[in-house]
Structure formats: structure tokens, C-alpha cells
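Participant: Before anything else, here's the structure in question.
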Amino acid sequence: MICKELLNHDSVRNEPAEQENILDLLIATCRAKADNEQYMHWAAQKAELCHKQGQETERWRSEADVGYVMTHLGQENEGLAKLDEAISHLDAPGSIDRMDAFIVACKRKINALNELHRYDEIIALGQRILDRLNHYEQHAKDYAEDSYRLSWSDHPNDRDRYMDFSRAQAWGFMAQAYAMISEKGKVKSEKLAAAQKAREHLARFDNSNYGKTFGARRMIAPAQMALGMYDEALTTYAEIARRMAADTLNDDYAVILRSRAIAAHAKNHYVEAYDYQTRYADLSKVLSDSLMKGKAHEYAARYHDQEQKLEIAQMNAQSQRKTIIIWAAVIIIMLISIFATWLLRQWRVIRRKNLVLVEQIGEAIEYKEKYESLTPGSSPLRATLQPSGGRKDEGSDYSQGQKAQQVTPIEPAIESDLLSLDNISDDELFLRLRHAIKREHLYLDPSLDRQKIMDIFQLSKRRVGAAFAQGSEFTSLADFIRDCRLEYSCNLLVTRPDLSIKEVAAKSGFNYASTYSSDFKNRYTMTPSNYRELKAKK
């Protein structure tokens, strides 16, 4: 609780180093409590913090913690994969810190493998720890003194203690793994060989300084039991019990009682075995009841704490909600007013622009017609139109607009004293074709296309394409025809207010009113209806 409050304190919130120290305390506390969910939470948070600070060694040390807890919580494959990733990132000489983090990551994986009974892999990892320690001793100068956790410059004896401790633990892990292989193996020769290896590593462990400590004796006792070294195991457990003194109301002491019962039974000391087993059963019941009561109290305390926090949060949320609603309403009203004002101004601006644009469109069309009528090179090409029959549309719409809707293909009559169309430039050919198409209103024919132009004027496909694509400002014949139709429709929209937009489209050579409206808007940035309305108001 203290650490959690410190993490949110102003003196810590902006100090990554302080945050890291507190996270270390939280990780150690959760490991001691066997609170694996919180253990993984704080380890992951520390890994993220170290990664942000560029402390990759500490990051992967913490990632190894996360991987171990994942295996403990049933995510075996994911946890082992994360442990392997951490080990691979730390498996390189060059730094004392990195060496220590590598050893820690290996030990985390050894603990996970021990729970999974994968003892062969434990032996390999123990050997990797020993190899790294040997490499350090042989190349100590190559390891940088950039210690994050370890610094032996001022206290050289610390180095010897560290080496003794790390080697002894590796021997202990390997002794226990060989012992379990010996106990559970099926081939007699393999069991004997594993037992021999276990005793060799156990002897090295016992001869180390660390092997004589309280923690070391607790670590090695299961290996003695697995090897059938019951006298040694009973001696070890007696020593552990002596050092624990009156601190016997815990799981560690229950394990000791259970192991002593097994060892006494194996030595045919049945009375002692019965006594240890009875005490183990009684202690287990007390621990179970105590655990349940403790959890019940913890859950109740958490529930009441959460209930109070929830009540306070609800009150604050209700107050904030009211404030937010009031401010939101004020802001929305202001935004609506601003938007409505802006929308009105924009509408007026657009309307003024459109009025100017309508006038400019009309002037541009008028100017274009005058310019095209004065363009030189138009006279040599003429066409004779033949009526195809059918009734005339009553009330001519615009000049001779309906001629093109009642004509059949015509043959061009070329003056005998003029050059052939094949010999003139693309620019001049375009001027002549434009003059003929506009003069005869051929563009009002909805089916007018390149093939018809080729047939009418006896020109090749290449010549027609080049005349419009290269000899004009238009990209193609279709672009030119569309331009003619749109200009023609502008006059119809003004001179024939009785026609609907659909009728205007049809009389201008468009097959579909939707296509007409889309093309009109793309060209003039307004719809035909807008154009007619604005033009009427001019």
C-alpha cells in the first residue's frame, strides 16, 4: 500500500529512478506473498519503464520475471518463449550488469522448468551459468564497470562472494536436477549415472561458502531426499528447524515436517514418522484455516475500500456530470450560433460568387462564339445536310439546334482548289472540324462519336484523334463535344424556362439527365438549376 501511494506522489511521478526503486520493492513483495498476478503486473510495468529510459539490461531482467510468472500461471509456451527471448538478449559478455541479469534470467527459467519437471534442460542452463562465470574470471578486464546493481571497485570482496553465491546456486540446481532424474528414471544405468553426478555437484555445493547458509540448506534438502540421503536430509531439516526457532506457523515449516516424516519412515523410525506426519496434518489445517480467514479479511477489506472509493467516485462523477452537461449545453448553443452565422455568411459569399460566375459564363460563351466565327481557316470545309424525315420541333430552341437531330451522315465537299485535309496540320484540321460541327450543330446528336466524324469527313482514326488531342486545348473529341453541348444547354436554360432540366439535357445531346447535371457542375461549379435561377435574377 505504501509503495502504491509513493508511485502517485509528486516526488516520484517525474523521477524514473525513484519509480524503478519502488517497482523493485513491489516485485519483491509480491514474490514473497506469492501474488503472481500482481508480480507480473509490476514486473511488466518496470520493463516498460526501463525500455523507455533506454535501460535494456534491466528491461530484459524484468521481462524474465514476467516470463516466469506466465509459466506459473499456466501460460507455459508463452512464458518459456519470453524467458528465452530475455536470455538471448542478455547472452553476451561485456558488462557486469548484463552478466548478472543473464544469470537471473537463467535462474527464472530453471525455476519454471523445475515446476514443469524438465530436468535435462535445467542441467544445460546451470552449465551456461557456470560457463559465463568462468568466462568472466578469465576475461574480467573485458567486462565494463558500468554497474547498475553491482560495483566491486570499492569492495573487491563482494566480487568473491558474488562468484561463490552464483556458482553454488548453479551447482545446487544441477544437483537437484540430477537427483530428480535419478529418482524418476527408468533405466538403471542412467539412474546410477545421474545419482553420481548429483552427488558430485552436491559436494561442490556443500564446500562453498554459500552452501552453509540457511537459504542454501533449504534449497538443497529436496535433492538429498531424492538421492535417498535421509540421514543428511534429517540433519539438514533439523538445522533449518533450529534456525527458524519459533517461526513455525508457515508453509516452509509444513514442508519440513512432511519431508522429515518421509525420511523417518524410510529409516524405519515409524514413531517419529507418525509424529511428524500428525504435526504436518495439524499445521496444514491451521494454515489452511488461517489462509482462508486471512483471504476473507483481505477480500472484506478490499470490498469495503472499493465500496467507499466507488461511493466517492459516484458522487464526484455525478457532480462532474452536471457541470459537464451545463458547459456542454452552453458550448453547443455557442457553436450552433457561430455555425449558423458562418453558414449564412458563406451562403451569401457563394451566392455573390455564383452571380458573378453566371455573368462570366455568359460572357465567355458569347466571346467564344464571336472568336470562333472570326477564326481563319474555317471556310474550306462545308457539309450538305440531308433531312431524314420526321416532324420538326415546334419553336426553334436555339438557332438551328434541331438540325443535328434530324440528319444523316454527309459527305464533305472540298473546294477543288484547296489542299487535301490529309495535308493540313492538326491545328488547322481542328479549326475546320470545330467550325463544321458547331455550324451544323452536329454535337446535338447523342450518338455522335469519333466513328461518325470519320465517316462524315472521310478522315482516319489517327487524324481525328490527333486533331483534338494535339491540335486543340481539348484532350479528346468527346471532351470537345461535351463542351459544345454544355454551352448550348446554357442558352436553353435561359431562353426556354418552360423546359425541365431533363428536357434541356435531351435537347442538348445528353442521353441522361444525371450525366448532364454532373458534367455541368464539374464545368461550372453549380447545378443547371442554380444557373437558371441565378441567371433569371440577373
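Participant: Report the local net charge at M225: Lys and Arg +1, Asp and Glu -1, summed over other residues whose C-beta lies under 14 Å from its C-beta.
Facilitator: That works out to +4.
Participant: Just check the chain against the gyration tensor rule for me: Cα atoms, a ≥ b ≥ c as the square roots of the eigenvalues, rounded for a/c under 1.5, and otherwise prolate or oblate depending on whether a/b exceeds b/c.
Facilitator: It is prolate, given that a/c is not under 1.5 and a/b is the larger ratio.
Participant: Would any residue of the stretch 206-229 have its amide N under 16 Å from a label point 7 Å out along Cα→Cβ of M163? List them or say none.
Facilitator: Residues 208-210 fall inside that zone.
Participant: While we're on this one: Using amide H atoms built 1.01 Å from N in the peptide plane, name the residues 5+ places from S95, or on other chains, whose amide H lies under 5 Å from its own.
Facilitator: Amide H neighbours of S95: A144.
Participant: Sorted by mean Cβ packing within 10 Å, highest first, what order do the peptides 99-110, 42-53 take?
Facilitator: 99-110, 42-53
Participant: Using a 1.4 Å probe over the heavy atoms of the protein chains, calculate the carbon and sulfur portion of the accessible area of the chain as a whole percent.
Facilitator: Accessible surface attributable to carbon and sulfur in the chain totals 53 percent.
Participant: Using mean Cβ contacts within 10 Å as the protection proxy, how do 444-453, 307-316, 3-12 order, highest first?
Facilitator: The peptides rank, most packed first, as 444-453, 3-12, 307-316.
Participant: Rolling a 1.4 angstrom probe over the protein heavy atoms, how many square angstrom per residue are accessible across the stretch 432-526?
Facilitator: Roughly 43 Å² per residue, with all protein chains present.
Participant: With a ≥ b ≥ c the root eigenvalues of the C-alpha gyration tensor of the stretch 487-527, is it rounded (a/c under 1.5), prolate (a/b larger than b/c) or oblate?
Facilitator: The shape class here is oblate.
Participant: Which order do the peptides 328-338, 59-69, 233-243 take when ranked by the mean count of other beta-carbon atoms within 10 Å per residue, highest first?
Facilitator: Top to bottom by mean Cβ count within 10 Å: 59-69, 233-243, 328-338.
Participant: Along the Cα→Cβ direction, 7 angstrom out, place labels at H51 and E18. What is the inter-label distance in nm?
Facilitator: Going from the H51 label point to the E18 one covers 2.5 nm.
The values are calculated or read from the model by the stated rules, or taken from the named source; none is laboratory data. Predicted, not measured: the structure shown is a model, and the values here were computed from it. Cβ sites come from the backbone with ideal geometry, for glycine too, and all protein chains shown count toward neighbours. Keep in mind that these areas ignore ligands, DNA and RNA; they rest on the heavy atoms of the full protein, side chains included. Shrake-Rupley method; radii C 1.70, N 1.55, O 1.52, S 1.80 Å.
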